[in-house]
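Participant: Sharing a structure with you now.
The values are calculated or read from the model by the stated rules, or taken from the named source; none is laboratory data. Quick caveat, the model's predicted, so the values are computed rather than measured. We place every Cβ from the backbone using ideal geometry, glycine too, and count neighbours over all the protein chains shown. With ligands, DNA and RNA removed, areas are computed over all heavy atoms of the protein, side chains included. Shrake-Rupley method; radii C 1.70, N 1.55, O 1.52, S 1.80 Å.
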Amino acid sequence: MLRRLTERGLGRGLRRESFAVRRLDLCLERLRGPQFAEHVHTDRVSVPQVADRIAESAGLTLEPNTDGALRHRLRRIRIGLRHIRSD
């Protein structure tokens, strides 16, 4: 978790994510609750594989992804830009 938070810090280390680091123990404790009984380990799987696993677990059927390479890239850039913080 700390490695992921460090990566999310855009080269600024964990300082930028100090709120997340402070809340980490509480969040991990709550993840042990029964409502989070099924955990999806995402370290070595792609985003589509994670989505498929979650959908399967929830009894949902996903529509096929019809985005082309350009549209996919533009969507990823837009999402990345929306998550940039200036603090």
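Participant: In region 48-87, carbon and sulfur make up what percent of the accessible area (probe 1.4 Å)? Provide the component values of the computation, followed by the final result.
Facilitator: Details: 2130 of 3860 Å².
For region 48-87, the apolar C and S fraction of the accessible surface comes to 55 percent.
Participant: Which helices, taking whole DSSP H runs in the chain, have alpha carbons extending 30 angstrom or more along the helix axis plus mean Kyte-Doolittle at least -0.5?
Facilitator: Working: long enough: none.
For the chain, where a helix must reach 30 Å along its axis and average at least -0.5, there are no hits.
Participant: Now for a different question. Helix-derived [θ] at 222 nm for the chain: sum -39500 (n - 2.57) over DSSP H runs of at least 4, divide by residue count, nearest 500? It would help to have the intermediate numbers written out before the result.
Facilitator: Working: 4 runs with 46 residues, N = 87.
The helix-only estimate for the chain comes to -16000 deg cm²/dmol at 222 nm.
Participant: In Å², what does the accessible area per residue of the chain work out to with a 1.4 Å probe? Intermediate results must be reported in sequence, preceding the final value.
Facilitator: On the way: 8030 Å² over 87 residues.
Each residue of the chain exposes 92 Å² on average to a 1.4 Å probe.
Participant: Still on this structure: Along the Cα→Cβ direction, 7 angstrom out, place labels at THR42 and ASP25. What is the inter-label distance in nm?
Facilitator: It works out to 2.5 nm between the two label points.
Participant: Let me ask another. Let's test this: bin the Cα-Cα distances of the chain at 10 Å from zero up to the farthest pair and state each bin's percent.
Facilitator: Going out from 0 Å in 10 Å bins, the chain shows 13, 30, 39, 18, 0 percent.
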